[in-house]
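As structure tokens, the structure follows; a few thoughts come after it.
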Amino acid sequence: MNASEHTDRALCVSLMVWHPDCWVIELTEKLDIGLIGYGTRTRQDGRTTTLYTIYANTEEQISSGIEQIRAHPQVYVVSEVNQMHRLEATSTPGNATKGLLIDHDGTTQISDEFLSRGFVHAEPVDGNNGVEYWRLLTNYNREEVESIIDEICESVGAEIDVLGVTEAAWGTGLGGLPLHRLTRRQHEVFQLARQEGYYSTPRRISADGLADELGISASTLHEHLQKVEAKLLGP
């Protein structure tokens with residue numbers, strides 16, 4: 001690839017990703033849990049170890065989720081991680097979290113398809129409701145990004161929706177948003193708001209339009225977003 005195929009400004013690419021044979025996608029589709037993964041790389045033996053935050057609305061859902069993760073054939077070792085720096089999130093009713101270090105089958109993951117092509121993580125990967133949300137940084141231009149994503153889809157049978165491509169801003173980085181603080185419903189509202197351009201400038205969707213898509217009133221939407229913003233931007 002020559003220099004003309006790159007952009008002089010780094011891009012941030014937001015994706016919604018589904019790919020086959022992924023235990024994270026499988027379990028978050030059937031269980032009331034989400035999994036935030038902090039980057040992974042497959043070793044030569046085909047295994048990988050990933051740090052996750054599992055989140056749910058109750059401690060019971062967390063415990064059940066961990067049992068199902070341990071029982072999955074693609075998962076080999078699950079160790080709990082002390083997340084003392086995140087205790088403020090676990091004290092909130094309806095917002096249970098736990099850190100997990102998971103050794104699992106790396107050959108079923110899609111991470112290396114992106115990393116081997118020069119993309120890097122801008123944020124942790126958020127898996128919930130049977131899909132994964134990715135934010136990646138790249139030096140490629142928009143046309144090259146679309147071409148590479150098509151190539152990845154064809155290579156591994158993935159379905160990838162591009163939710164947005166913007167110039168990367170200083171401050172975008174791994175762990176930039178403490179998504180583990182959100183409940184599953186708040187995740188759903190926040191992801192859709194980002195996807196539909198509620199936080200874009202200019203705004204691509206109104207509060208009323210976003211509320212209609214979610215099937216809630218505008219006042220309920222504002223209540224959700226106020227709580228989301230307080231958790232993400234607060235101390």
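The values are calculated or read from the model by the stated rules, or taken from the named source; none is laboratory data. None of these values were measured; they are calculated from a predicted model. Ideal geometry is used to build each Cβ from the backbone, glycine not excepted, and the neighbour counts take in all protein chains shown. The accessibility values were calculated without ligands, DNA or RNA, using every heavy atom of the protein model including side chains. Shrake-Rupley method; radii C 1.70, N 1.55, O 1.52, S 1.80 Å.
Take Tyr52 and decide whether it is at pLDDT 95 or above and not small (Gly, Ala, Ser).
Details: at pLDDT 95 or above: no; not small (Gly, Ala, Ser): yes.
Spelling it out, it is not the case that Tyr52 is at pLDDT 95 or above and not small (Gly, Ala, Ser).
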Odd one out for Asp21, checked against (1) part of a strand (DSSP E or B); (2) of a type outside the set (Gly, Ala, Ser); (3) at positive phi: (1)
Complete set of residues in the stretch 37-49 that are closer than 17 Å to Phe114 by Cβ, among the β-branched types (Val, Ile, Thr) and either surrounded by fewer than 17 Cβ atoms within 10 Å (Cβ to Cβ) or modelled with pLDDT of 90 or more (or both): Thr48
Meets criteria (open to solvent by 30 Å² or more (accessible area, probe 1.4 Å) and modelled with pLDDT under 90) for Glu88: yes
Matching residues, the stretch 178-219, being open to solvent by 30 Å² or more (accessible area, probe 1.4 Å), under 18 Å from Asn129 (Cβ atoms) and of a type in the set (Val, Ile, Thr): Ile216
Single condition Arg204 does not satisfy, out of (1) in contact with a Gly (Cβ under 7 Å, 6 or more places away or on another chain); (2) farther than 17 Å from Ser14 by Cβ; (3) free of Cβ contacts under 8 Å to residues at least 24 places away in the same chain: (2)
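Table: residues versus (1) aliphatic (A, V, I, L, M); (2) touching a residue at least 40 places away in the same chain (Cβ under 8 Å).
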position: Leu11; (1), (2): yes, yes
position: His19; (1), (2): no, yes
position: Trp23; (1), (2): no, yes
position: Leu27; (1), (2): yes, yes
position: Gly37; (1), (2): no, yes
position: Tyr52; (1), (2): no, yes
position: Gln61; (1), (2): no, no
position: Ile66; (1), (2): yes, no
position: Arg70; (1), (2): no, no
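Return the total of residues in the stretch 103-115 being assigned to a strand (DSSP E or B) and surrounded by fewer than 18 Cβ atoms within 10 Å (Cβ to Cβ). Write out each step before concluding.
Initially, the stretch 103-115 is screened for residues assigned to a strand (DSSP E or B), giving 103-105.
Adding the requirement that they be surrounded by fewer than 18 Cβ atoms within 10 Å (Cβ to Cβ) leaves 103.
So the answer is 1.
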All positions within the stretch 6-20 that are at pLDDT 95 or above and open to solvent by 10 Å² or more (accessible area, probe 1.4 Å): Trp18, Pro20
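Take the stretch 64-85 and flag every residue that is part of a helix (DSSP H, G or I) and at pLDDT 95 or above.
Within the stretch 64-85, the first condition is being part of a helix (DSSP H, G or I), and the residues that meet it are 64-71, 84-85.
Scanning the stretch 64-85 gives Ser64, Gly65, Ile66, Glu67, Gln68, Ile69, Arg70, Ala71.
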